[in-house]
Amino acid sequence: MKGDNDGPSFSNIPAKSASYYDRNTQSYSESNQNPADFIDEFLEYLQKGKGKAVLDLGSGPGINAGYMHSRNFQVIGIDLSEKMIEYARSRYPHIEFRLGDMTKLPFSANSFDSILASYSLIHLTKDIIGSVLARLYEILRQGGVIYLSVQCGNSTQGFFSHPLIPSDQVFLNIFAKEEIVGLLSEHRFEIISQHEKLPHGKVFNFTKLFIIAKKTEPLQQA
């Protein structure tokens, strides 16, 4: 893995990320065949609340959406990569996958019981994370649950090469743990579970942080 913070511009990051995954759909999909870590714990919280509507944010090749659908959840997947959407639709034709930008979600308030964002916020620049979390809060129903996984380390952002795709680079937002925890608290999400995994094998060389959080009631004014 290599990083390049002085290379390509941080402008138009969503389009650059979509282009990266369009170019690398096959290799990425072949190396990501398992559902997200701790997804079963996330789904247990949903079953307790009897919520079934799930948004898979940055659904990629559809592995997580397919797994959740097999557990009888109603899933909509959204991804900015046209090739990833084509791949997911071909593999899981019974699931709704939409081409879309996670910074411009077309859903009304209280649309979902839960949101799974597995390594998706890492493809957004730091200046817009707050507004995206605010939008996720809005489209979640009261008491709804959100799953986040991010690359964690010293807070930075830049372009990095994945060990399995060394000739190409993708934008990554690396979160300090206190950074993402603070952002969630600021936007009224209460963390109910978190886990960390050290990098192992041919992956980005950052700690993997997994957070499950619940939408809380807004503060009442006196």
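Structure notes:
- Answer residue from region 119-128, given it is outside any loop (DSSP other than H, G, I, E, B) and under 14 Å from the mean Cα position of the chain (by Cα) and is nearest to LEU46 (Cα to Cα) among those: LEU121
- Selected residue (only one of SER90, SER81, SER27, SER70 is touching a residue at least 40 places away in the same chain (Cβ under 8 Å) and surrounded by fewer than 20 Cβ atoms within 10 Å (Cβ to Cβ)): SER27
- If only residues of region 37-59 that are touching a residue at least 40 places away in the same chain (Cβ under 8 Å), under 25 Å from ALA15 (Cβ atoms) and of a type outside the set (Asp, Glu) are counted, the one that is surrounded by the most Cβ atoms within 10 Å (Cβ to Cβ) is LEU55.
- Candidate set: region 192-222, residues that are closer than 22 Å to LEU140 by Cβ and exposed (fewer than 15 other Cβ atoms within 10 Å of the Cβ); chosen: the one farthest from the chain's Cα centre (by Cα): GLN221
Values quoted throughout were computed directly from the atomic coordinates according to the rules given, and no laboratory measurement underlies them. Keep in mind it's a predicted model, so treat the numbers as computed, not measured. Here Cβ is always computed from backbone atoms with ideal geometry, including for glycine, and neighbour counts include all displayed protein chains.
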